[in-house]
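The values are calculated or read from the model by the stated rules, or taken from the named source; none is laboratory data. Only a predicted model underlies this, so the values are computations on that prediction, with no experimental measurement involved. Cβ sites come from the backbone with ideal geometry, for glycine too, and all protein chains shown count toward neighbours. The area values use the complete protein model at the heavy-atom level, side chains included, leaving out ligands, DNA and RNA. Shrake-Rupley method; radii C 1.70, N 1.55, O 1.52, S 1.80 Å.
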Amino acid sequence: MPKSINSTQPPLKFIRQSFNPFILQIFRWLLPIVLRFRTKPWLPAGIVHIEAENVETLAKLYHQFQAGKIRFLIAFRHPEVEDPLCMLYLLSYILPNVARQHGIKLQEPIHSYFLYDRGMTIWAGNWLGRLFSKVGGVPIRRGRRVDRQAIQTARELFCNGEMAIAVAPEGGNNGHSEIVSPLEPGVAQLGFWCVEDLQKAHRSETVVIVPIGIQYSYVEPPWSKLHGLLTKLEADSGLEPVEKPATPEIYYQRLCRLGEYLITEMEEFYRRFYHQDIPKTISMDESASPNEILIARLHRLMDKALQVPEAYFGVQAQGNFIDRCRRLEEAGWNYIYREDIADINVLPPFKRGLADWVASEADLKMQHMRIVESFVAVTANYIQEKPTAERFAETTLLMFDLLSRIQESTLPGRPRLGLRKALITVGEPISVTERWEKTQGDRSATRQAVNTLTKDLQTAMENLIQDN
């Protein structure tokens, strides 16, 4: 994450896709090293093995694509920041090997265009935008109601590009390998647009979407490092350390204690300093478990936290937490990256001072949204249902993010708890063309078909989650 923003910034310009096979090849050579080692806080690391299942299906799709029979979109899960690198490994190493084993001839480049969040270049640096441009990336601003340039570029590449296109329909990572966030309808809509564009061009390719799941697990359960991390979080919070053995049961009790303490402190923070009406108790059914009560308090707190920047930016509270976070992000960017100022360097000092004031205040207000953003997928029984080291680690790291955002002007790299492996599962392709033909060009029917496809894709991605 960048340091706190104290001055107005130039507009976030669209970064045009400019695919370069040579740059892609260099990145492919470096990929195993990048996956294994972390040289900067914001670089993912520690993945020593990537396994994939049902890759033959993907190889056949690429063969049909290169033969001019289909156009297809890869819809992949996005639980962690490592996902794009794992997908690149799948296409660069695993897919070509599987294709050769099954006698499926594929031509280079065996790659895909992809959409990425424009905000990534803010916290990582402009170099990332230049790199993504050269390896087929198209930036999109998630909070805009319509990012016309990004959508038009993606639509053109889907219909006419030399490669398939990949999109994470969750819109952002949620930190949970085994929970799929609500999907955004953009992927399904792109599919229907592609069919329409092909029909207008009198082309016969079939349009399909292939869901792909990604899960992570530790090579060895990192209980010792989890104990150390939780001890640090307890110390940072002012809680007394727990000397009991670090068993899963004790660890769960400590995690609940820390979670309840943090929620209580944050409730008082918003109650006292932001004048939010947060009762000391919460109305729940008598049969509600302590976990359910805690999650209800968390969701109430998240709602109140979002109301602070919503009131400042004049944004209405509509939709789920993810929807609200997206709108607030865009509202904040509009205050910081000023498209209404032709050249910030020629502003009179007085006006520049006002613009800097607005940008600084907007950045601070957005921190409320960032805190909420980390917890959008947290549920009451995630750990209890399956008390694995992976689920303990995911939840603990989310708490680490919370404390880090509050304590630091930058978000430090997450602690590395242990070496990990990734499992990529290729799902069965979903035909968009068949669904489009059933609508017969009726706009109302098409809108319903887009919603149905989004729900079916959500189900398909949830079904790709496997027991570790």
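Of the residues Gly259, Leu354, Ala331, the one whose Cα sits farthest towards the positive end of the charge dipole of the range 244-364 is Gly259 (charges of +1 on Lys and Arg Cβ, -1 on Asp and Glu Cβ, taken about the Cα centre). Amide H to amide H distances under 5 Å link Leu419 with Val219, Glu220, where only residues 5 or more positions off or on other chains count and H is placed in the peptide plane. Taking amide H positions as modeled 1.01 Å from N, with prolines and chain starts lacking one, the residues under 5 Å from Ile50 and 5 or more places away or on another chain are Ala422.
Sorting the segments 5-15, 276-286 by their mean number of nearby beta carbons within 10 angstrom, highest to lowest, gives 5-15, 276-286.
For the range 1-116, the solvent-accessible area of protein heavy atoms averages 49 Å² per residue (probe radius 1.4 Å; ligands and nucleic acids excluded).
Per residue, the range 420-468 exposes an accessible area of 58 Å² to a 1.4 Å probe, with every protein chain left in place.
When both bridge partners sit in the chain, DSSP labels roughly 25% of those beta bridges antiparallel. Set against the 2.2 N^0.38 Å expectation for a compact globular protein, the range 336-401 has a Cα radius of gyration ratio of 1.87. With only Cα atoms counted, the chain has Rg and Dmax values of 23.2, 71 Å.
Rounded to the nearest 500, the helix-only mean residue ellipticity at 222 nm of the chain stands at -16500 deg cm²/dmol, with each DSSP H run of n ≥ 4 adding -39,500 (n - 2.57).
Please report how far the C-alpha centroid of the range 362-437 lies from that of the range 281-318, rounded to the nearest whole angstrom. Rounded to whole Å, the Cα centres lie 19 Å apart. Under the shape rule built on the C-alpha gyration tensor, where the axes satisfy a ≥ b ≥ c, the range 309-464 is oblate, since a/c reaches at least 1.5 while a/b does not exceed b/c. Of the residues Cys194, Leu226, Pro245, the one whose Cα sits farthest towards the positive end of the charge dipole of the range 131-249 is Cys194 (charges of +1 on Lys and Arg Cβ, -1 on Asp and Glu Cβ, taken about the Cα centre). If you wrap the range 129-170 in the convex hull of its Cα atoms and look at it from every side, the mean projected area works out to 3.4 nm². Considering only alpha-carbon pairs that sit under 8 angstrom and 6 or more positions apart, the relative contact order computed for the range 78-149 is 26 percent.
Out of Thr153, Gly136, Gly103, whose Cα points farthest toward the positive end of the dipole of the range 1-156 (charges: +1 Lys, Arg; -1 Asp, Glu; placed on Cβ)? Comparing the listed Cα positions along the dipole, Thr153 ranks first.
Taking amide H as placed 1.01 Å from N in the peptide plane, the amide H of Ile212 sits under 5 Å from that of Ala75, Phe76, Arg77, Gly427, each at least 5 places away or on another chain.
Solvent exposure of the range 146-209, expressed per residue, is 38 Å² of accessible area, with all protein chains present and a 1.4 angstrom probe.
Only Cα pairs under 8 Å and 6+ residues apart enter the sum, and on that basis the relative contact order of the chain stands at 29 percent. Which percent of the accessible area of the chain is formed by carbon and sulfur heavy atoms (probe 1.4 angstrom)? Of all accessible area on the chain, carbon and sulfur atoms account for 53 percent.
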